[in-house]
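Values quoted throughout were computed directly from the atomic coordinates according to the rules given, and no laboratory measurement underlies them. Model, not experiment: these values are computed from the prediction. With ideal geometry, Cβ positions are generated from the backbone for all residues, glycine too; neighbour counts draw on all protein chains shown.
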Amino acid sequence: MRRLILIEGLPKYERVNEAKALAYALRIMKRGYDQRKVRNLKIIAHTAKNKEDFLQWVQRQTDFLHISSHGKVEKGRTTLYITQGGKVTAEDIENLQIKAKVIFVNACQTSREDLANAFFKAGKPICRYYIAPQENVPFQEAFITALLFYKRAFLEKRPRLFSALNYAYRLGDVKTTYWFWTP
């Protein structure tokens, strides 16, 4: 069974919980497809309570790990902002045991080498792909890009990750470009 874990880092900031909204929309889309093709997909949405909870959920067994948060570069290092003033840095990530094959970080300013390398180091030998926006991204655009990406990656025949990202670009008014990186 393939698993998609959606972790919400800052549910109150945008007044929308992206993880829950994505899970809900994908479940609706899943019902519209031939269930034989997608019934082996388990979608789990979680809202992080604090930094420790966030770091525990990042390490859960999954194929795809989606992180919805806010990102910022401080003193040359990438930082993820999460619930209750928590900050997660590349140093926090690289010491974890991440089991996801694909990491999708939907947060501003996270398409940086330090954070990508931290996820790759924490996910050896499993983690093979890192996806993040190349610039600041408005919430609506981040949500639509992720939704279209997962629709294509999970619900279409013979999904390919790079084509799933291109699919999101071709539809709608997506102006933000995402970084698709492999080690």
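Quick look at the numbers
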| item | result |
| --- | --- |
| Nearest-ten-degree value, helix 113-122 long axis tilted from longest Cα axis of the chain | 80 |
| Cut-off 9 Å between beta-carbons: net charge of the residues surrounding R77, Lys and Arg +1, Asp and Glu -1 | -1 |
| Förster radius 45 Å - calculated FRET efficiency between R170 and N50 (Cβ-Cβ, nearest 0.05) | 0.70 |
| Inter-label distance, nm, simple model (7 Å from Cα along the C-beta direction), Q140/K124 | 4.4 |
| For I67, distant residues with modelled amide H under 5 Å away | I7, F104, V105, N106 |
| For the chain, share of DSSP beta bridges that run antiparallel, in % to the nearest 5 | 40 |
| Proxy reagent accessibility, fewest Cβ within 10 Å first, across V102, V16 | V16, V102 |
| Counted charge near K121, where neighbours are those whose Cβ lies closer than 14 Å (Asp, Glu -1; Lys, Arg +1) | -2 |
| Normalised contact order of the chain, rounded percent, pairs of Cα under 8 Å and 6 or more residues apart | 20 |
| Calculated [θ] (222 nm, deg cm²/dmol) that DSSP helices of n ≥ 4 give over the chain, each run adding -39,500 (n - 2.57) | -10000 deg cm²/dmol |
| Extension gain, I28 back to D114 (0.36 nm per residue minus Cα-Cα distance, nm) | 27.4 nm |
